[in-house]
Amino acid sequence: MALGSLRLSKIAVLGIYLASILVPAWCWGNVGHRTIAYLAAKYLDEAELALMQAATDYDDLSDAAVWADEVAHSPTYDYSRSWHYINVQDEPPEHCGINLTRDHQAQSGDIIAAFVNHTTVVRSSSSRVAEKREAMRFLLHWIGDIHQPLHAEGLARGGVDLPVVFAGMPTNLHFVWDVAIIDKYRGEGDEREVSLTWANEIYARDRDPHLITHRECSEIPRPMHCILAWAKQSNKAVCEFVFKENITSHDLSLDYYKENISFLEGMIALAGRRLGAWMKALAVDAGVKSSVHYDDWQLDQMPMG
């Protein structure tokens, strides 16, 4: 798909604008999360996939992956809103870096603590079935969220309070990375179909899916080790990609979009691989025999494609 050939219709542009001002920005949009879930499922064998479907109580894992956003709008799950991010108090673009002593959201919780806690719930023999299912749905979402760079950044509430222009319409920087760039790249249509097609394309470029999967961090007894490594990678990208130029002075649907779409797609690919590895490791932990053996590899490898 040629990047320069894509144009958003006036209706699509208006939809982007209205969504960005009416809906709080907490995560990748549905297409991002669904693509990550569909991609992750491709790294599972039949038994592992069946276990994850039972573990989430969803036949379509992409539905499980967007569940955390759907319930965050309800009073029952209002407490989970802060779990979608960590407000890193650094100074992009001059300096990026996570300091948990400084940045951990002790009172409300954050994505780092949520990921660790929900991994523990899923693995615990004392957890009730309903608790495990809820925790597993959250995990699918957290691995997606942590690969959106602005979910590891506190400046202007992760870009929510930073006004920008995209395709001629006012919006905010967080929404640009959550939704607008993806919608411009992948186009309009049924979100499940768009997401599945994108996941198929990314998977087809994976030169050795089994090798890539077991290169990703899957140390489920040490979830802090993995989530922190992923968060640091995303936070580093805030300086290297998100804020590398004066973003308020021009339309971000033009050169800024072209300069960042490959990186964004790379993060979607990484999230899919890492989610696949995490689910596979949890399946093995639950007693499902896996065809993949895990080795120790570096955590910050970008996807091959």
Going by C-beta contacts inside 10 Å, put ARG123, ARG34, ARG215 in order with the fewest on the left. ARG123, ARG215, ARG34
If amide H atoms are modeled at 1.01 Å from N in the peptide plane, then the residues at a separation of 5 or more from VAL164, or on another chain, having amide H under 5 Å from its own are THR171, ASN172, LEU173
Which links in LYS184/LYS232; LYS132/LYS258; LYS42/LYS132; LYS42/LYS184; LYS258/LYS280; LYS42/LYS244 stretch past 32 Å when you go from one Cα to the other? LYS132/LYS258; LYS258/LYS280; LYS42/LYS244
Taking other Cβ within 10 Å of each residue's Cβ, how do PHE243, PHE263 sort, fewest first? PHE263, PHE243
Using label points projected 7 Å from each Cα along Cα→Cβ, tell me how many nm separate GLU240 and VAL129, to one decimal. 4.5 nm
Note down the nm distance, to one decimal, between modelled labels 7 Å out along Cα→Cβ at THR120 and at GLN89. 2.4 nm
Sorted by Cβ neighbour density within 10 Å, fewest at the top, the residues ARG186, ARG81: ARG81, ARG186
Everything considered on the Cα gyration tensor (a ≥ b ≥ c; rounded for a/c under 1.5, else prolate if a/b is larger than b/c, else oblate), region 8-285 must be described as prolate
Taking the Cα-to-Cβ direction at ASP255 and at ALA50 and moving 7 Å from each Cα, how far apart do the two end points lie in nm? 5.5 nm
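Bear in mind that the values in this text are calculations on the coordinates, not laboratory data. Owing to the predicted nature of the structure, the values given are computational and were not obtained by experimental measurement. For neighbour counting, all protein chains shown are included, and Cβ atoms are generated from backbone atoms with ideal geometry for every residue, glycine included.
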